[in-house]
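First the structure, in the form of structure tokens, and then the observations on it.
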Amino acid sequence: MAKKEDLLKYITKQVVTYVDTPQTERQERRNEVRQRPREHWMVRWFGLVPFSISMWAEHVKGSKAEQPTKVQGRSISTMFTKWMKRTS
């Protein structure tokens with residue numbers, strides 16, 4: 001019984017805050033959310049697992065042919081964006 005009451009309190013609190021905020025502020029907040037860049041669908045569905053597997057596969061493939069050289073100034077984010085461009 002307490003769960004229903006807590007849920008009802010939460011819902012009424014959310015409705016009251018929604019009604020109390022001005023319409024222009026709600027529209028601005030909605031537009032901000034829409035303008036944010038969306039992450040790639042593969043990351044959204046599976047996380048970074050496909051990226052890590054592909055990095056591992058490239059490492060294994062590269063280590064068989066020759067020893068990979070260390071590249072300086074290469075961060076995970078830049079490697080990730082390059083990988084996303086290749087897979088898209």
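Quick note: the coordinates plus some simple rules give every number you see, no bench work behind them. If you're wondering where the values come from, they're calculated on a predicted model, not measured in any experiment. Positions of Cβ are generated from backbone atoms using ideal geometry, with glycine treated the same way; all protein chains shown enter the neighbour counts.
Qualifying GluC sites (Glu not before Pro) in the range 1-64, where qualification requires a DSSP coil assignment and no more than 10 other C-beta atoms within 10 Å, comprise 39. Sparse packing (at most 16 other Cβ atoms within 10 Å of the Cβ) combined with a DSSP loop state is found for the following trypsin sites (Lys or Arg not before Pro) in the range 1-64: 38.
Between residue 29 and residue 58, residue separation times 0.36 nm minus the direct Cα-Cα distance comes to 6.3 nm.
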